[in-house]
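Comments concern the structure below.
The values are calculated or read from the model by the stated rules, or taken from the named source; none is laboratory data. A quick note: this is a predicted structure, and the numbers were derived from the prediction, not measured. Neighbour counts are summed over all protein chains in view; Cβ atoms, including those assigned to glycine, are modelled from backbone coordinates with ideal geometry. These area figures cover heavy atoms from the full protein model, side chains too; ligands, DNA and RNA do not enter into them. Shrake-Rupley method; radii C 1.70, N 1.55, O 1.52, S 1.80 Å.
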Amino acid sequence: MSLVSASNAASGEFIFEFKHAGKSFITSDGKVVTALQDTTFSVRRGDFVAIVGPSGCGKTTTLNILAGLTEATSGSVLLEGKRPGESKLDIGYVFQQDSVLPWRKVLDNVELGLVLRNVPKDKRRAKAEALVRMTGLQGFGNSYPAELSGGMRKRVALAMTLAYDPSILLMDEPFGALDAQTRMVLQDELLRIWNEQKQTILFVTHDIAEAIALADRVIVMTARPARIKNDYAISLPRPRGAAEARFQPGFDEYYKAIWEDLRPEIDAQRQISGGNA
Amino acid sequence: MTTSTQGNPAGSLPAEEERLLAADRVRQQQKARQRTIDRIVVTASLIGIWEFVVWIGWVHPFFVSRPSLIAIDLWKMFSTGFIFKHLAITMWEAIAGLFIGAALGIATGFIAALSQRVADALIPLIVAFNSMPRVAIAPLFVIWLGFGPSSKIGLVALVVYFAVFFNTFSGMRSVDPVLTNSIRVMGANRIQALWMVSLPHTMAWVFAAMNTSISLALIGAVVGEFIGSTAGIGWIMVQATGTLETTRLFSTMIVLAFVGAGLFAIVNWTEQYVLRWRPRTAN
């Protein structure tokens with residue numbers, strides 16, 4: 001087993017590419033903060049890529065650039081050869097925060113993406129009902145989000161993004177706020193869905209074990225301004241369950257290597273964030 | 001407790017749990033009944049004390065009238081039909097003004113929140129208007145729009161407008177950006193995001209303003225009638241003041257209280273329906 005970089009594949013099969021991309025903000029008190037700096041990596045269609053890095057380093061910025069919510073201020077980011085804001089590619093984004101619309105019932109939330117695509121009522125209803133079953137929400141289709149637990153609302157958010165079959169799934173610490181057991185169940189569900197549909201997934205997490213268990217590739221980012229520190233190809237056998245992956249030979253080596261990459265960055269980020277607080 | 005009730009259809013609970021739930025239900029019913037009794041007792045005692053202190057001559061009825069006299073006066077006003085014309089006029093002024101003010105407040109609050117530039121330009125003006133006691137403009141409205149209902153409708157609309165405008169504006173500004181970002185990534189355009197995210201979110205703020213607006217609307221209508229009118233509850237009160245009829249003043253106040261409560265019930269019911277997605281809170 002080798003822990004080599006996975007980013008030397010032939011061009012053209014990449015669904016998106018970051019080329020020396022950077023992002024700086026001007027804060028309200030006039031200071032310039034660089035969230036992302038000189039970041040270069042590319043992801044192949046159908047890959048499951050995890051990004052780990054210290055909290056507050058700029059991982060979310062990476063996802064926001066791809067989603068077209070913000071633009072890189074240096075370098076370039078290409079989504080199938082186009083700027084993310086101009087690309088017609090369907091993107092699903094599971095936010096770290098609660099993004100389910102509280103005034104729509106579960107089914108109405110799940111079919112939202114299809115409503116926006118003018119899919120006829122009976123067709124989108126059928127699809128939403130299938131997704132509600134698939135994500136284990138049966139019986140709650142007509143509930144309002146306020147009546148659900150946090151874990152169930154995360155399932156709704158996942159079903160919402162899957163409804164319109166996006167080519168890319170961006171996930172920002174999607175299971176971070178959940179209890180350990182719920183998280184495990186949802187990780188398994190995500191792996192099962194990905195095995196069937198092979199979307200390209202970019203999965204941000206601060207949980208090293210989660211990254212190794214789920215992804216084909218784990219990118220380690222530095223403290224702010226975030227750069228890529230290392231890029232691991234995870235060659236644990238598939239299909240695998242999220243829990244079983246932890247007992248595979250090789251898991252501990254990945255964990256140890258990534259942890260050693262990450263530890264100095266966590267310390268560095270704590271000093272930056274401490275200075276801001 | 002041995003079973004989870006989540007997703008478990010009612011009726012399949014074990015007997016012990018059924019029994020505990022039934023006991024709980026009975027306790028809650030008893031509490032509700034006790035609360036009703038307490039309220040009746042407190043209200044009746046206050047009315048009783050009022051009647052009593054006038055009856056034994058501690059206070060002269062010229063100043064505070066008497067519950068029994070007020071009841072008779074209320075009966076007289078309703079049985080002769082005298083009150084209906086005035087009641088209809090005051091309610092028309094309050095409701096029409098409420099709707100016009102709310103509609104304008106929602107529309108302009110929405111637009112002002114869409115554009116930072118419009119908002120920045122308008123805000124100082126609105127703050128200045130809002131810090132002015134708005135009923136002070138009532139005499140101007142009477143000069144502009146005459147002694148009929150339109151001057152009162154104008155005053156009510158103005159008073160309500162500011163409350164609704166401010167809340168609509170604040171509501172629009174407090175939309176969770178995650179929700180907007182989420183729906184934009186799903187493919188919604190700006191108009192769709194406004195319609196599906198900003199508007200439903202802002203409705204909660206609009207209703208909060210509507211609840212305070214009801215009393216503002218009644219104040220506007222009655223004060224407008226005080227200033228200059230030919231009919232309405234406020235007009236009756238002005239007449240009663242002229243002839244020093246304390247009883248009539250009290251009975252019209254009671255009528256106004258019921259009008260306010262009725263309007264409040266209508267708005268509250270609409271709110272319950274429009275905001276049915278909100279988690280139920282204990283009342």
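Checked against (1) modelled with pLDDT under 85; (2) of a type in the set (A, V, I, L, M); (3) loosely packed, with under 13 Cβ neighbours inside 10 Å, A:I26 meets all criteria but (1). Considering each residue of region B:153-161 in turn, at least one proves to be more than 18 Å from B:A107 (Cβ to Cβ) and either within 14 Å of another protein chain (Cβ to nearest Cβ) or in a helix (DSSP H, G or I) (or both). Pairs are defined by a Cβ separation below 9 Å, a sequence spacing of at least 6 or placement on different chains, a first member in region A:226-246 that is within 15 Å of A:I258 (Cα to Cα), and a second member that is of a type in the set (V, I, T) and open to solvent by 20 Å² or more (accessible area, probe 1.4 Å); the pairs so defined are A:I228/A:T40; A:D231/A:V4; A:Y232/A:V4; A:A233/A:V4. Among residues that are open to solvent by 50 Å² or more (accessible area, probe 1.4 Å), at pLDDT 90 or above and out of contact with any strand residue (DSSP E or B) (no Cβ under 8 Å at 6 or more places or on another chain), A:D267 is not included.
Within region A:118-138, the presence of a residue that is within 16 Å of A:I91 (Cα to Cα), over 17 Å from the mean Cα position of the chain (by Cα) and open to solvent by 20 Å² or more (accessible area, probe 1.4 Å) is excluded. Taking region B:164-173 as the range and being open to solvent by 20 Å² or more (accessible area, probe 1.4 Å) and of a type in the set (G, A, S) as the test, only B:S170 passes. Can A:T62 be described as away from chain B (no Cβ under 14 Å) and of a type outside the set (A, V, I, L, M)? It is true that A:T62 is away from chain B (no Cβ under 14 Å) and of a type outside the set (A, V, I, L, M). Note on region A:137-190: among residues that are part of a helix (DSSP H, G or I) and facing chain B (nearest Cβ under 9 Å), the one that is farthest from A:T61 (Cα to Cα) is A:E147. Any residue that is open to solvent by less than 70 Å² (accessible area, probe 1.4 Å), touching a Gly at 6+ places or on another chain (Cβ under 9 Å) and free of Cβ contacts under 8 Å to residues at least 24 places away in the same chain - is there at least one of those in region B:103-116? For region B:103-116, residues open to solvent by less than 70 Å² (accessible area, probe 1.4 Å), touching a Gly at 6+ places or on another chain (Cβ under 9 Å) and free of Cβ contacts under 8 Å to residues at least 24 places away in the same chain: absent.
Just to be sure, is B:A208 in a helix (DSSP H, G or I), assigned by TED's automatic domain parsing to the domain that holds B:A261, open to solvent by 20 Å² or more (accessible area, probe 1.4 Å) and modelled with pLDDT under 95? Answer is yes for this residue.
Taken over region A:83-118, residues that are farther than 19 Å from A:Q199 by Cβ, among the hydrophobic types (A, V, I, L, M, F, W, C) and more than 7 Å from chain B (Cβ to nearest Cβ) amount to 4.
Do we find a residue being within 14 Å of chain A (Cβ to nearest Cβ), assigned to a helix (DSSP H, G or I) and surrounded by fewer than 20 Cβ atoms within 10 Å (Cβ to Cβ) anywhere in region B:174-182? Checked against the condition, which is being within 14 Å of chain A (Cβ to nearest Cβ), assigned to a helix (DSSP H, G or I) and surrounded by fewer than 20 Cβ atoms within 10 Å (Cβ to Cβ), region B:174-182 yields at least one hit.
Rundown of residues vs (1) modelled with pLDDT under 90; (2) open to solvent by less than 10 Å² (accessible area, probe 1.4 Å); (3) in contact with a strand residue (DSSP E or B) (Cβ under 7 Å, 6 or more places away or on another chain), yes/no style:
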site: A:M221; (1), (2), (3): no, yes, yes
site: A:A226; (1), (2), (3): yes, yes, yes
site: A:N230; (1), (2), (3): no, no, yes
site: A:R238; (1), (2), (3): yes, no, no
site: A:R246; (1), (2), (3): yes, no, no
